[in-house]
Amino acid sequence: MVKNNKKIIFWGTPEFAVPSLKSLHSLGLVKLVVTQTDKPAGRNQQVSLSPVKQYAVQNKLSVLQADKLDEKFIAELKKYLPATFVVVAYGRIIPEAVLDLSELVAINLHPSRLPELRGPSPIQTALLRGFKTTAVSLMQLDKKMDHGPILGQIKANISPTDDFLGLSGKLSQLGAQLLAEKIKAYLAGQIEAVAQDDNGASFCKLINKTDGEISWSKTALEIYNQVRAFNPWPSTYTKFGDLNVKILKVKVIKQNLKPKEIFIDKDKLIVGTSVDALEILEVQPAGKKNITAAEFIRGYHRYLSK
C-alpha cells in the first residue's frame with residue numbers, strides 16, 4: 001500500500017470538475033480549493049457560486065478565489081503550502097510563477113487521448129469530428145499547452161447519441177476514477193510519467209458563438225455532429241425566413257433535397273443538406289421555449305414557406 005502524508009490543492013470551477021474534487025476529498029487529500037470568482041448568471045444576473053465552490057462550501061473545505069493570480073493571491077496561497085496542485089477545468093491560465101509553488105509538479109486532467117486534441121475544446125471537437133472513442137488523460141503541466149508527460153489514461157466510447165453534456169458527464173466520472181487510481185502513487189513518487197509523442201499531436205480551437213451557425217451546404221452528418229457538440233453552448237442555430245431558431249435535436253435521414261430546402265410531411269420537418277437530409281425533432285424559436293417539430297410547424301408555418 002502506498003503511504004504518504006502529502007496533500008493537494010485542487011483547482012477547478014465547472015460541474016465537470018466536481019466528481020474529481022469529490023474523489024480526492026473522499027481520500028482525505030484536499031487542503032484547499034481554488035476556484036474562479038463568483039459571477040452573475042441568468043436573466044436576473046444574480047451572483048452564483050461555481051459548482052466546485054458549492055461542493056467545497058457544503059463539505060467545509062477552505063476556498064480561495066481571486067480575479068487576478070497576483071502577489072496578493074500568492075501570499076494567501078502560500079499559507080496552505082506545501083501541497084501539490086491538481087488542476088481540473090479551472091478555466092484560466094495559471095501563471096508559471098504560481099505553478100512553480102506546487103510541491104510536486106502540478107498535474108492536470110484533460111478530456112482527450114493526448115497528444116490528440118490539445119487545446120480548449122477537446123470534448124466538442126471529438127463530437128464535431130465524429131470520433132467513436134476518446135479518453136481522459138492525467139498529465140504533468142509544463143510550459144506548453146497540454147504538452148506535459150502522461151501519468152495515465154482511460155479510454156471512453158462515444159455513443160452516436162452522446163452530446164456535449166452527456167459526453168462531458170461520462171468523461172468527468174472517468175477522470176475522477178483516474179485520479180483516484182493514480183494520485184496517492186503520484187504523491188509518493190511511484191509513477192513514471194511518459195513523454196507525449198509530439199508527432200501525433202492534434203489541436204482544437206476555442207469555441208465562439210458564431211461556430212453554432214448552420215451551413216446547410218455541409219453534409220447532414222456534419223450538421224448532426226454540430227448539434228451534438230454545441231449543446232447547450234453556443235447552441236446550433238439557423239434562420240427560417242427572418243426567424244432565428246435554435247436547432248436542438250435532429251436525425252440524419254436518406255432523402256434528396258437541395259441544401260436548406262424544406263420538406264414538410266404532416267408533422268415531420270425535413271431540411272436538405274449537401275448529402276442526405278436532416279429531420280428536425282426539437283427547436284427553440286428566438287425568445288420562446290423549446291418545442292417539437294410538430295408544434296413548430298403548426299405555430300410557425302409562415303416562416304417555413306418563405
- Note on the structure: A correct Karplus calculation of ³J(HN,Hα) over segment 204-219, with 6.51 cos²θ - 1.76 cosθ + 1.60, θ = phi - 60°, whole Hz and x for Gly and Pro, returns 10, 9, 5, 7, 10, 4, 5, 5, x, 5, 7, 9, 6, 7, 6, 6
- Item | For segment 138-189, convex hull of alpha carbons as volume per residue, Å³ | 91
- Ratio for segment 92-167, C-alpha Rg to 2.2 N^0.38 Å, reads 1.20
- Scoring only Lys, Arg, Asp and Glu (+1, +1, -1, -1) among other residues with Cβ under 9 Å from the Cβ of residue 158 yields +1
- Query: What percent does the relative contact order of the chain come to when contacts are Cα pairs within less than 8 Å and at least six residues apart?
  - Reply: 14
- Rounded to the nearest whole Å³, what is the per residue volume of the convex hull around the Cα atoms of segment 10-95? 98
- How many percent of DSSP beta bridges within segment 8-200 run antiparallel, rounded to 5? 55
- Per principal axis, largest first, the Cα atoms of segment 128-253 extend in Å by 62, 26, 22
- Residues whose built amide H sits under 5 Å from the amide H of residue 158, excluding neighbours closer than 5 in sequence, are 133, 134
- Query: Which peptide among 147-157, 248-258, 201-211 comes first, and what is the full order, when sorted by highest mean count of other Cβ atoms within 10 Å?
  - Reply: 147-157, 248-258, 201-211
- Item | Distance cut-off 19 Å, percentage of C-alpha pairs in segment 1-157 lying past it | 57
- Note on the structure: Here the longest stretch of the chain that holds no GluC sites (Glu not before Pro) in a DSSP loop having at most 15 other beta carbon atoms within 10 Å is 1-102
- State which entries of 53/288; 155/209; 218/249; 6/182; 22/205; 209/239 exceed 24 angstrom in Cα-Cα distance in the structure shown. 53/288; 155/209; 22/205
- Item | Semi-axis lengths, Å, the chain, gyration tensor of Cα atoms, sqrt of 5 times eigenvalues | 43, 22, 15
- Note on the structure: For segment 105-260, averaging the sequence separation of alpha carbon pairs under 8 Å that lie six or more residues apart and dividing by its residue count, the contact order in percent is 25
- Item | Debye log10 I(q)/I(0) at q = 0.11 Å⁻¹ for segment 194-306, Cα point scatterers | -0.38
- For residue 244, distant residues with modelled amide H under 5 Å away: 286
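Since every read-out is calculated from the coordinates, none of them should be taken as a lab result. These numbers come from a predicted model, not from an experiment. Ideal geometry is used to build each Cβ from the backbone, glycine not excepted, and the neighbour counts take in all protein chains shown.
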